[in-house]
Amino acid sequence: MAVGAAAVVAALAVTGCSGDDGNDTASDGPSSAASGGASSGADDSGAAGSGSPGSAKDSEGIWSATTGGQAVVLVVGGAQASLSTGDGHLCTGTVTGAQKPALDLKCADGNTDRTVGTVESNDGTTMKVTWKAGTADTFTKSADGKLPTGLPTGLPSGMPTG
């Protein structure tokens, strides 16, 4: 489906709602190529990965993962977050928590697979999020602040355009 355009819409929604003062930089992360890590969550041995959960501020940026063969893009700016998936879900909401960031999202189509999530680990390059519905995603941060390449284009049917 249309994750590419949905991710752009998500990115615009987050940056438009995060109190942008016009002085943002495109990247605050290390310079490495963005790629999605795969995690099903079902066969993890309990290891959360390296790094502590960090703070909500540590979660800011564009993150991508491939879980169950589907692309997942998470965009975090300030206390706002947007998530889009390869199967067409677009979700927006907030990031809270000083000690262990939590994601509280609402999907436009009513899907609840990734609406309540907890950051289990974040080392600045890789972030693991577990979702209340049982899915776990291992995201890789975009080093240059750009969306990952190779995503489908076009908006999914039923998406608001104005």
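The values are calculated or read from the model by the stated rules, or taken from the named source; none is laboratory data. These numbers come from a predicted model, not from an experiment. Please note: Cβ atoms are built from the backbone with ideal geometry, for glycine as well, and neighbour counts cover all protein chains shown. Areas reflect the complete protein model, heavy atoms only, side chains present, ligands, DNA and RNA absent. Shrake-Rupley method; radii C 1.70, N 1.55, O 1.52, S 1.80 Å.
Condition (residue is touching a Gly at 6+ places or on another chain (Cβ under 7 Å), closer than 16 Å to residue 128 by Cα, open to solvent by 20 Å² or more (accessible area, probe 1.4 Å) and β-branched (Val, Ile, Thr)) applied to segment 65-85: is it met by at least one residue?
yes
Does at least one position in segment 96-105 carry a residue that is open to solvent by 30 Å² or more (accessible area, probe 1.4 Å), of a type outside the set (A, V, I, L, M) and either in a strand (DSSP E or B) or modelled with pLDDT of 95 or more (or both)? Talk me through it step by step, then tell me what you get.
Taking segment 96-105 as the starting set, the residues that turn out to be open to solvent by 30 Å² or more (accessible area, probe 1.4 Å) are 96-100, 102, 104.
From what is left, the residues that are of a type outside the set (A, V, I, L, M) are 96-97, 99-100, 104.
Then keep just the ones that are either in a strand (DSSP E or B) or modelled with pLDDT of 95 or more (or both); that gives 96, 104.
Yes: segment 96-105 contains one or more residues that are open to solvent by 30 Å² or more (accessible area, probe 1.4 Å), of a type outside the set (A, V, I, L, M) and either in a strand (DSSP E or B) or modelled with pLDDT of 95 or more (or both).
Given the criterion modelled with pLDDT of 95 or more and out of contact with any Asp or Glu (no Cβ under 7 Å at 6 or more places or on another chain), identify the matching residue among 93, 88, 117.
On inspection, the qualifying residue turns out to be 117.
Would you be able to tell me the number of residues in segment 68-83 that are polar (S, T, N, Q) and at pLDDT 95 or above?
Narrowing segment 68-83 to residues polar (S, T, N, Q): 70, 80, 82.
Add one more test, that the residue is at pLDDT 95 or above, and what stays is 80, 82.
The total comes to 2.
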